[in-house]
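Engineer: Can you read through this structure? Questions will come right after.
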Amino acid sequence: GGAAPPAAATPPAAAAPPRLLLDLPLDVLALVLSPLPPNELANLGRVSRAFHRGPPPQQPPPPAVELALRLRAEERGEALPAHLPPGERSWLQHLLALEELGDGSGAVVDGGAFFSCFVSPEGELLTCGDDHAGLLEVDGAERPSGLLGQGGGEPQVWVPTPVKPLQGACVHAVACGEQHTLALTAAGAVYSFGGGRRGALGHGGTSDVLSPRRIDGLASVRAASVAAGAYHSLVVSRDGALFTFGADEHGQLGRGEDAGGGRPDGSSAGSGAARRLTPARVALAGGLAGGKVASAAGGRSHSLAVLRGGRLLAFGCGEAGRLGLGDQRDRPTPSAVPLGEAVAMAAAGGAHSLATTAGGRVYAFGDGRQGQLGVEPPGHATAMSATGHRCCVLPAWVEALAAISPRAVACGGDFSLVVAHDGSLYSFGANSFGRRGRHTHALGEMWGDVGRCGEMW
């Protein structure tokens with residue numbers, strides 16, 4: 001026997017892959033968590049203390065849940081303040097509040113003419129109200145128009161009731177028009193139901209839909225937010241594209257040459273009318289080309305969109321200056337509103353609009369006859385409307401709200417609401433039926449009586 005051959009060198013052991021999520025690097029873990037719905041991130045932030053562990057240095061990086069929320073804000077193009085705003089107890093709470101109220105992803109509570117919709121923290125959609133408000137006649141008999149999405153059962157539902165066809169879908173947000181509803185799931189799917197008048201549901205026709213139906217024309221789109229005008233709808237995708245469908249008589253869909261082809265009764269006219277019955281992407285041209293949409297809002301016959309980076313766009317009916325473009329002409333394609341500050345969010349009402357800026361200001365423009373603007377604009381920003389009253393055709397700063405930091409804004413037909421960072425609610429405009437939540441039925445001054453809700457009770 002010869003000498004035994006030398007033993008082969010043992011290769012170095014490969015590093016074992018991470019076995020647990022917590023073994024991942026913090027930035028990778030944040031990327032894994034960021035697609036989760038806000039309610040699930042909130043639950044993780046509350047119960048998973050391990051996600052809040054930081055390394056020993058004196059200034060540890062943000063915990064994984066907070067970092068995931070920051071990544072989401074960056075994707076939306078939202079500029080976060082360098083320091084925690086006054087009144088906020090933690091960055092986690094502040095970022096979650098922005099998700100719910102300030103990111104433009106849609107509301108968890110909304111309502112139409114005769115119905116209301118609610119999204120529970122668990123992602124369940126509930127509705128209540130009058131399902132017969134949009135009655136149609138079929139063979140001489142009345143039938144419900146599906147405003148509640150309950151399948152046309154009970155004509156009235158008095159308490160919020162789960163919409164069974166969407167149970168298990170994890171609804172993230174809801175948007176309501178006069179007689180139709182859009183529901184957005186955490187996975188980015190969009191469903192619609194209710195009155196199909198003028199193509200507001202996006203299913204290719206004007207028929208009513210009694211139960212939620214996924215919009216086929218958006219099947220390949222991962223939606224980030226939804227918005228509804230009176231009879232038109234807007235959907236923003238996660239990659240910043242804007243899709244619209246429904247009524248377009250004033251160009252509120254932003255599709256240019258397609259505008260003006262529909263009749264008020266929902267019948268079609270013109271070669272482009274059928275294209276409004278299904279979703280189509282809005283093209284941004286000229287200096288807006290390449291812009292990414294962060295959020296959108298629908299009014300009665302006009303629309304607003306906020307680009308990532310803060311530019312405000314307006315299109316549709318220009319009567320009474322509701323587009324804020326310095327005149328009262330309709331715009332069938334998006335135009336940039338001349339506002340020298342980056343816009344954070346916008347809201348559209350019957351004939352007026354609101355916008356908040358990254359610097360914490362609230363601007364208003366459009367019809368102010370009921371005080372819904374909250375401000376008397378400077379002379380150069382006013383004009384006479386077609387009905388013979390003064391209106392505001394350029395954005396005017398609502399100075400009465402200078403001391404607050406706005407978190408969210410909303411417009412009714414002729415009144416306005418602003419939520420401050422401390423949770424207080426301010427209202428101005430028409431107050432019939434107590435819609436402003438203030439103990440007076442009298443209108444304020446011509447240009448608005450801004451007040452905190454509940455202060456007069």
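The values are calculated or read from the model by the stated rules, or taken from the named source; none is laboratory data. Because the structure is a prediction, the values reported are computed rather than measured. Please note: Cβ atoms are built from the backbone with ideal geometry, for glycine as well, and neighbour counts cover all protein chains shown. We work out accessible area using only protein heavy atoms, side chains counted, and drop any ligands, DNA or RNA first. Shrake-Rupley method; radii C 1.70, N 1.55, O 1.52, S 1.80 Å.
Engineer: I'm trying to understand the selection: among the residues of the stretch 327-356, which are outside any strand (DSSP E or B) and open to solvent by 40 Å² or more (accessible area, probe 1.4 Å)? Let's see the steps before the verdict.
Structural biologist: Looking only at the stretch 327-356, we keep the residues that are outside any strand (DSSP E or B), and these are 327-330, 337-342, 349-351.
If the condition is that a residue be outside any strand (DSSP E or B) and open to solvent by 40 Å² or more (accessible area, probe 1.4 Å), then D327, Q328, R329, D330, P338, G340, E341, A342 are the ones that fit.
Engineer: Among the residues of the stretch 188-196, is any of a type in the set (A, V, I, L, M) and under 24 Å from the mean Cα position of the chain (by Cα)? Reasoning before the result, please.
Structural biologist: The initial filter retains those residues of the stretch 188-196 that are of a type in the set (A, V, I, L, M), namely 189-190.
Retained after the next criterion (residues that are under 24 Å from the mean Cα position of the chain (by Cα)): 189-190.
Yes, the stretch 188-196 has at least one match.
Engineer: Working only within the stretch 357-367, note down all residues that are free of Cβ contacts under 8 Å to residues at least 40 places away in the same chain and either closer than 11 Å to H302 by Cβ or outside any strand (DSSP E or B) (or both). It would help to see each step written out before you state the result.
Structural biologist: Here is the first cut: in the stretch 357-367, the ones free of Cβ contacts under 8 Å to residues at least 40 places away in the same chain are 359, 363.
Answer for the stretch 357-367, where residues must be free of Cβ contacts under 8 Å to residues at least 40 places away in the same chain and either closer than 11 Å to H302 by Cβ or outside any strand (DSSP E or B) (or both): just G359.
Engineer: Same structure, new question: State all residues of the stretch 191-211 that are buried (at least 24 other Cβ atoms within 10 Å of the Cβ), under 18 Å from L148 (Cβ atoms) and not aromatic (F, W, Y); if no residue qualifies, say none.
Structural biologist: If we filter the stretch 191-211 for residues that are buried (at least 24 other Cβ atoms within 10 Å of the Cβ), which is where we start, we get 191-202.
With under 18 Å from L148 (Cβ atoms) added as a condition, the list becomes 191-197, 200-201.
Of everything in the stretch 191-211, those that are buried (at least 24 other Cβ atoms within 10 Å of the Cβ), under 18 Å from L148 (Cβ atoms) and not aromatic (F, W, Y) turn out to be S192, G194, G195, G196, R197, A200, L201.
Engineer: Sticking with this one: Please specify each residue of the stretch 373-384 satisfying the condition of being farther than 17 Å from G318 by Cβ and either within 28 Å of the chain's Cα centre (by Cα) or among the polar types (S, T, N, Q) (or both). Quick ask: steps written out before the conclusion?
Structural biologist: As a first pass, look at the stretch 373-384 and keep what is farther than 17 Å from G318 by Cβ: 374-376, 378-380.
Within the stretch 373-384, G374, V375, E376 qualify.
Engineer: Sticking with this structure for a sec: So in the stretch 375-384, with the set limited to residues that are assigned to a loop (DSSP other than H, G, I, E, B) and touching a Phe, Trp or Tyr at 6+ places or on another chain (Cβ under 9 Å), which one is surrounded by the fewest Cβ atoms within 10 Å (Cβ to Cβ)? Write out each step before concluding.
Structural biologist: First, the residues of the stretch 375-384 that are assigned to a loop (DSSP other than H, G, I, E, B): 375-378.
Now restrict to residues that are touching a Phe, Trp or Tyr at 6+ places or on another chain (Cβ under 9 Å): 375-377.
Numbers: V375: 23, E376: 17, P377: 23.
That would be E376.
Engineer: Follow-up. Counting just the residues of the stretch 152-167 that are in a strand (DSSP E or B) and β-branched (V, I, T), which one comes out modelled with the lowest pLDDT? Lay out the reasoning, then the answer.
Structural biologist: Narrowing the stretch 152-167 to residues in a strand (DSSP E or B): 156-162.
Subsequent filtering for residues that are β-branched (V, I, T) retains 157, 159, 161.
Details: V157: 89, V159: 93, T161: 93.
Across the stretch 152-167, the extreme among qualifying residues is V157.
Engineer: Testing A355 on (1) in contact with an Asp or Glu (Cβ under 8 Å, 6 or more places away or on another chain); (2) under 21 Å from A408 (Cβ atoms), one condition comes back false. Which one is that?
Structural biologist: (1)
Engineer: Take the residues of the stretch 126-151 that are modelled with pLDDT under 90 and assigned to a strand (DSSP E or B): which is farthest from the chain's Cα centre (by Cα)?
Structural biologist: Once the filter is applied, the top-ranked residue is A141.
Engineer: Next question. Going by what's in this entry, would G290 be described as free of Cβ contacts under 8 Å to residues at least 12 places away in the same chain, surrounded by fewer than 22 Cβ atoms within 10 Å (Cβ to Cβ) and either not hydrophobic (A, V, I, L, M, F, W, C) or not in a strand (DSSP E or B) (or both)?
Structural biologist: Spelling it out, G290 is indeed free of Cβ contacts under 8 Å to residues at least 12 places away in the same chain, surrounded by fewer than 22 Cβ atoms within 10 Å (Cβ to Cβ) and either not hydrophobic (A, V, I, L, M, F, W, C) or not in a strand (DSSP E or B) (or both).
Engineer: Sticking with this structure for a sec: Considering only the stretch 169-189, I want to know if a residue exists there that is open to solvent by less than 10 Å² (accessible area, probe 1.4 Å), in contact (Cβ under 8 Å) with a residue 60 or more places away in the chain and not in a strand (DSSP E or B).
Structural biologist: Yes, because at least one residue in the stretch 169-189 is open to solvent by less than 10 Å² (accessible area, probe 1.4 Å), in contact (Cβ under 8 Å) with a residue 60 or more places away in the chain and not in a strand (DSSP E or B).
Conditions (1) open to solvent by 30 Å² or more (accessible area, probe 1.4 Å); (2) of a type outside the set (F, W, Y); (3) within 16 Å of the chain's Cα centre (by Cα), marked per residue:
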| position | (1), (2), (3) |
| --- | --- |
| R308 | yes, yes, yes |
| L312 | no, yes, yes |
| A386 | yes, yes, no |
| H389 | no, yes, no |
| L394 | yes, yes, no |
| D414 | yes, yes, no |
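Engineer: Could you say whether any residue in the stretch 215-234 is open to solvent by 40 Å² or more (accessible area, probe 1.4 Å), under 22 Å from L284 (Cβ atoms) and in contact with a Lys or Arg (Cβ under 9 Å, 6 or more places away or on another chain)?
Structural biologist: Restricting attention to the stretch 215-234, the residues satisfying the condition of being open to solvent by 40 Å² or more (accessible area, probe 1.4 Å) are 216-217, 219-220, 222.
When the remaining residues are screened for being under 22 Å from L284 (Cβ atoms), the result is 217, 220, 222.
From what's left, in contact with a Lys or Arg (Cβ under 9 Å, 6 or more places away or on another chain): 222.
Scanning the stretch 215-234 turns up at least one residue that is open to solvent by 40 Å² or more (accessible area, probe 1.4 Å), under 22 Å from L284 (Cβ atoms) and in contact with a Lys or Arg (Cβ under 9 Å, 6 or more places away or on another chain).
Engineer: Which condition from (1) in a loop (DSSP other than H, G, I, E, B); (2) over 20 Å from the mean Cα position of the chain (by Cα); (3) at pLDDT 80 or above is the one that G123 breaks?
Structural biologist: (2)
Engineer: Go through (1) in contact with a Lys or Arg (Cβ under 8 Å, 6 or more places away or on another chain); (2) at pLDDT below 95; (3) within 23 Å of S116 (Cβ to Cβ) and name the single condition D239 misses.
Structural biologist: Of everything listed in (1) in contact with a Lys or Arg (Cβ under 8 Å, 6 or more places away or on another chain); (2) at pLDDT below 95; (3) within 23 Å of S116 (Cβ to Cβ), D239 misses just condition (3).
Engineer: Still on this structure: Please work out if G266 is more than 22 Å from R329 (Cα to Cα), modelled with pLDDT under 50 and open to solvent by less than 30 Å² (accessible area, probe 1.4 Å).
Structural biologist: On the way: more than 22 Å from R329 (Cα to Cα): yes; modelled with pLDDT under 50: yes; open to solvent by less than 30 Å² (accessible area, probe 1.4 Å): yes.
Considered against the rule, which asks whether it is more than 22 Å from R329 (Cα to Cα), modelled with pLDDT under 50 and open to solvent by less than 30 Å² (accessible area, probe 1.4 Å), G266 comes out as yes.
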